[in-house]
Structures are given as C-alpha cells and as structure tokens.
1. Would you tally the residues in segment 18-29 being loosely packed, with under 13 Cβ neighbours inside 10 Å and at negative phi?
2. Given the structure, is residue 97 modelled with pLDDT under 95, under 11 Å from the mean Cα position of the chain (by Cα), closer than 15 Å to residue 20 by Cβ and buried (at least 16 other Cβ atoms within 10 Å of the Cβ)?
3. Would you confirm, using the coordinates I've provided, whether residue 62 is more than 12 Å from the chain's Cα centre (by Cα), over 16 Å from residue 94 (Cβ atoms), among the hydroxyl-bearing types (Ser, Thr, Tyr) and modelled with pLDDT of 95 or more?
4. Out of segment 1-23, which residues are more than 18 Å from residue 68 (Cα to Cα) and either within 12 Å of the chain's Cα centre (by Cα) or charged (D, E, K, R) (or both)?
5. Could you run through segment 60-94 and say how many residues are assigned to a loop (DSSP other than H, G, I, E, B) and either surrounded by 15 or more Cβ atoms within 10 Å (Cβ to Cβ) or of a type outside the set (Asp, Glu) (or both)?
6. Assess whether residue 35 counts as being surrounded by fewer than 13 Cβ atoms within 10 Å (Cβ to Cβ), over 12 Å from residue 90 (Cα atoms) and not charged (D, E, K, R).
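The values are calculated or read from the model by the stated rules, or taken from the named source; none is laboratory data. Everything quoted here is computed from the prediction, not taken from an experiment. Because the Cβ atoms are built from the backbone with ideal geometry, glycine has one as well, and the counts that use them run over all protein chains shown.
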Amino acid sequence: QVQFVESGGGLVQPGGSLRLSCAASGSIFSLYHMGWYRQAPGKQRELVATITGGGSTNYADSVKGRFTISRDNAKNTVYLQMNSLKPEDTAVYYCNGRSVGTPLGTSWGQGTQVTVSS
C-alpha cells in the first residue's frame, strides 16, 4: 500500500503561514483521494481538508478560507498551504489517502508538528 511522509511544520506566530508537504510512494498516487488531518493534545484526530484525484476539494469549516489543499501528481505530493494561522491550529498534521473503492489506510506516520504561538 502507498506510504506517506509529512514535512514542513514548524513554529509560527499567529497570522503567519506554513506550507505542509506530503510525499507519497508505493502506488499510483494520481488515483488517490487524499486528506490532511490534525490532532491536538487531548483531542481526537480531525479531518482538515480533502482532495480527489481530479482536484475536487473540501475543507473543514474551521479552516475554510485560510487553508488550501493541492496536489502535484508528477511529484507524488499533496500540499496544505496554511495562511492566517491561529493558535487553535496547533496540532500534529498527518496525511492519508485511499484509492477509489478502498477504505482509508490504517497506518499513520509521524506527522509534522505545527505550533502557532507568539
């Protein structure tokens, strides 16, 4: 099954920006419906944004208008551009995905830490 490696997290001030990357390998990435998830301390993991192989996107209400998910199939990579960051965006961010007709993968990687603080 395809594997994903997240990167790009860091410490930023409120109002700042970060771009996260998720590199995929091991399968036909262009066919995968991808998603970014995040988990804050003491909270459940939540879905942040999704993008289909054809580029159709959806966002959680909490990030709509601030975050943009995109993909570059030639690079086997999905991105999450995060603007106007807020302290409540602080979390470990993960990516995951599935091919059409299959369930979401159950193996989660290390994720990448995003900390928004002054």
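1. 2
2. Criteria met by residue 97.
3. yes
4. Result: 4, 5.
5. Counting residues in segment 60-94 that are assigned to a loop (DSSP other than H, G, I, E, B) and either surrounded by 15 or more Cβ atoms within 10 Å (Cβ to Cβ) or of a type outside the set (Asp, Glu) (or both) gives 12.
6. Against the criterion (surrounded by fewer than 13 Cβ atoms within 10 Å (Cβ to Cβ), over 12 Å from residue 90 (Cα atoms) and not charged (D, E, K, R)), residue 35 does not qualify.
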